[in-house]
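Here the structure is laid out as structure tokens; the discussion comes afterwards.
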Ligand code: NAP
Ligand code: ZN
């Protein structure tokens, strides 16, 4: 298969810093589009993967699955996209198209397994997929999203993962008017969950470990904010919430949050720590509570989320960085020191 060589930024080992790399992309085949990447968001999953924290990283690793760019080339069978279109690519770049889940638009749960934008087998090049910290990416048009014209291009990038990962469970658990929703962790995912749940009409209570995010939470749309380290503040919400979305990147006590659910309430994890979680049966049984998880969202739902954000003028709060600052950005991410998503200006790769 013919390839093109491009500039990227990635890592050769779990302990190594991210550094410039040259990587291959396939030349667009009949159904592919080639995208010049303008912006790429920095998800905590990028850090987990680059540092091998989930134990499944294939090196070299080029992270990045919150991609926004312009189409520069298209294959001769491409139907719905044109050169010059502004588009997005999220976490999924392929799936089987045939299983029940793919047919239902749940490609993220594809039975044989979806192809992640990075760190998945790449059948075209007989290697593994490499993500968006790069000049260009080549993707089957079925996995390419349209960006609403009214939204800022850099600030829209995080919607491709943080946006859909929170929108999908909020939709699934029917968050809306009359529902009290807790969002735990005001990071990249959490701040999007606050904005989206509010736009869906819910009452939103944000839980944070950072006193500094108190005022900010209200600006993001939270009706109330709770310092989760303060027992009295936590006790005030005992048995009060219909749904909780847990978007924390590190270990913390899940039972404390199960206690905040009403009867029949659900808590869904979107966070993905490598460790097993200790969950007490007595956190669930009295109150018929559900403890669940949710992973990103399908392609049609991602487009629906982008259109919803376009209608409600929702984008991510971002700090733009150059790719050369990525290692420092990872350190700041670990300290919760970002409001609320780093987005890489990919033009900096040319420096
Ligand atoms: P992030 O921007 O780093 O935000 C995580 C937030 O967790 C922080 O802002 C902080 O919020 C809170 N936090 C951090 N350390 C903590 C600690 N020790 N105790 C309590 N709270 C702590 O991360 P993100 O990009 O939003 O990702 C969050 C998690 O979701 C990651 O594990 C990521 O891999 C996962 N993820 C899952 C999916 C999926 O499909 N399910 C998709 C994307 C990401 P406060 O300062 O407000 O406390
Ligand atoms: Zn992500």
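None of the figures in this text is laboratory data; all of them are computed from the coordinates on show. None of these values were measured; they are calculated from a predicted model. Cβ atoms come from the backbone with ideal geometry, glycine included; neighbour counts cover every protein chain shown.
On the beta carbon distance between residue 15 and residue 232, with R0 = 25 Å, the FRET formula returns roughly 0.05.
If you average the alpha carbon positions of the range 149-219 and of the range 44-115, how far apart do those two centres end up, in angstrom? Cα centroid to Cα centroid, the span is 23 Å.
Short to long, the 5 Å bins of the Cα pair-distance histogram for the range 223-351 hold 2, 8, 13, 15, 17, 16, 14, 8, 4, 2, 1, 0 percent of all pairs. Taking 20 Å as the cut-off, the amide N atoms of the range 53-81 that come nearer than this to a point 7 Å along the Cα-to-beta-carbon line of residue 126 belong to 58-60. When the chain is treated as a GNM with alpha-carbon contacts under 10 Å, the residue of 15, 34, 53 showing the greatest mean-square fluctuation is 15.
Packing here is the average count of other Cβ atoms within 10 Å per residue, and on that basis the peptides 246-255, 272-281, 87-96, highest first, run 87-96, 246-255, 272-281. Computed from the C-beta positions of residue 83 and residue 255 and an R0 of 51 Å, the FRET efficiency is 0.45 to the nearest 0.05.
Against the main long axis of the alpha-carbon atoms of the chain, helix 188-199 sits at an angle near 70°.
What angle, in degrees between 0 and 90 and rounded to the nearest 10, separates the Cα long axis of helix 162-172 from the longest principal axis of the Cα atoms of the chain? Result, in degrees: 50. Once the Kirkwood radius over Cα pairs is known for the range 295-337, the Stokes-Einstein relation at 4 °C and 1.567 mPa s delivers a diffusion coefficient of 100 µm²/s. Hydrodynamic estimate: the Kirkwood radius of the range 113-158 over Cα pairs, inserted into Stokes-Einstein at 20 °C and 1.002 mPa s, corresponds to D of 171 µm²/s.
Note that the range 160-219 shows a convex hull volume over its alpha carbon atoms of 71 Å³ per residue. With a 10 Å cut-off between alpha carbons and a GNM built on the chain, which of 157, 19, 50 moves the most? Among 157, 19, 50, the largest GNM mean-square fluctuation belongs to 19.
Please build a GNM for the chain, connecting alpha carbons under 10 Å apart, and tell me which residue among 196, 285, 137 fluctuates the most. Checking each option, the largest mean-square fluctuation is seen for 285. Relative to the dominant Cα principal axis of the chain, helix 299-312 is inclined by about 70°.
Each 10 Å bin from zero up to the one holding the largest Cα-Cα distance in the range 162-293 carries the following percent of pairs: 14, 49, 34, 3. In whole angstrom, the range 89-190 maps to an equivalent ellipsoid with semi-axes of 27, 19, 13, each derived as √(5λ) from the alpha carbon gyration tensor and ordered largest first.
Debye-formula intensities of the chain, expressed as log10 I(q)/I(0) at q = 0.06, 0.12, 0.16 Å⁻¹, are -0.21, -0.84, -1.44 (one equal scatterer per alpha-carbon, no solvent).
In the chain, the DSSP-assigned H stretches of four residues or longer account for a calculated mean residue ellipticity at 222 nm of -6000 deg cm²/dmol, using -39500 (n - 2.57) per stretch and the full residue count as denominator.
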